[in-house]
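Participant: Structure provided below as structure tokens; questions to follow.
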Amino acid sequence: MKRKLLLGTNNEDKVKEIKDILKEIDLDIKTLTDLKIKIEVVEDRDSLEGNALKKAEEMWKKAKIPCTADDTGLFVDALEGAPGIFAARYAGKDASYSDNRKKLLRNLEGIPLMSRTAYFRTVACYYYAKGKYKLFEGICEGKILFEERGKDGFGYDAVFLPNGYDKTFAEIDTEEKSRISHRAKAFDKFKEYLSNQ
């Protein structure tokens, strides 16, 4: 029987990305929509690890099947690490991806490209039984551009230029992003862990 895994996110963009990363493993992947679970977990911890664990644990309690949830931050050196763990809510509680990108670009006005270094960091939590979990981390370094480029991706993808590339995350194809992104690196470690179980 296939192992069940709940993807603990309401973000359809994340669901697509994670499914793509895990496609080689024989899993019965479920989403919150599949299980008709309506849940909004308040991300009130002071770290990516804390938020990822809180989300995974609360969703495991609802679904009673192993669950993975992640939290991602964007850390910009010139802004002393902001937006950091508040990346999704940078421009306010109900801010859109576009609102967040605009605020970031405004806050970086006048700063030259060489000083616009930043990195994405993802922590994925696999919660598989009461009090039992594993954490997996992925980091992708790059720079924040002066303007948006590209139509694919989500979040800050259109302004983030990964090191060694001349295209933003929003300009490279999904397959390529699934190899190099912070989320891909975290979930690759998770995939390796599952493969050895």
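Participant: Under the definition of Cα pairs under 8 Å and six or more residues apart, what whole-number percent is the relative contact order of the chain?
Facilitator: It comes to 19 percent, rounded to a whole number.
Participant: Per residue of the stretch 46-60, in order, report the coupling 6.51 cos²θ - 1.76 cosθ + 1.60 (Karplus, θ = phi - 60°) as ³J(HN,Hα) in whole Hz, putting x for Gly and Pro.
Facilitator: In residue order, the calculated couplings are 9, 8, 4, 4, x, 5, 4, 5, 4, 5, 4, 5, 5, 6, 4 Hz.
Participant: Of Lys55/Lys103; Lys54/Lys102; Lys14/Lys177, which pairs sit farther than 18 Å apart, going by alpha carbon to alpha carbon?
Facilitator: Over 18 Å Cα-Cα: Lys55/Lys103; Lys54/Lys102.
Participant: Grab the eigenvalues of the alpha-carbon gyration tensor for the chain, scale each by 5, take roots, and send me the semi-axes largest first in whole angstrom.
Facilitator: Gyration-tensor ellipsoid for the chain: 29, 18, 14 Å.
Participant: Given Cβ point charges of +1 (Lys, Arg) and -1 (Asp, Glu) and nothing else, what value in debye, to the nearest 20, does the dipole of the chain about its Cα centre take?
Facilitator: In debye, rounded to 20, the chain gives about 820.
Participant: I need to check one value: relative contact order of the stretch 37-116, counting alpha carbon pairs closer than 8 Å and at least 6 residues apart, in percent.
Facilitator: Rounded, it is 20 percent for the stretch 37-116.
Participant: Could I ask something else about it? Determine the sum of side-chain charges near Phe190: Lys and Arg each +1, Asp and Glu each -1, restricted to other residues whose C-beta is under 12 angstrom from that of Phe190.
Facilitator: Once positives and negatives cancel, what remains is +1.
Participant: In addition: Using packing as a proxy for protection, rank 100-112, 167-179, 60-72 so that the peptide with the highest average count of other Cβ atoms within 10 Å comes first.
Facilitator: For the peptides 100-112, 167-179, 60-72, the packing ranking is 60-72, 167-179, 100-112.
Participant: Could you give each residue of the stretch 125-139 its phi-based ³J(HN,Hα) in whole Hz, using Karplus coefficients 6.51, -1.76, 1.60 with θ = phi - 60°, and x for Gly or Pro?
Facilitator: 10, 9, 10, 10, 6, 3, x, 10, 7, 9, 10, 9, 10, x, 10
No value in this document is a laboratory result; all are computed from the given coordinates. Remember, predicted model here, so these are calculated numbers, not experimental data. Heads up, the Cβs are rebuilt from the backbone with ideal geometry, glycines too, and the neighbour counts pull from every protein chain shown.
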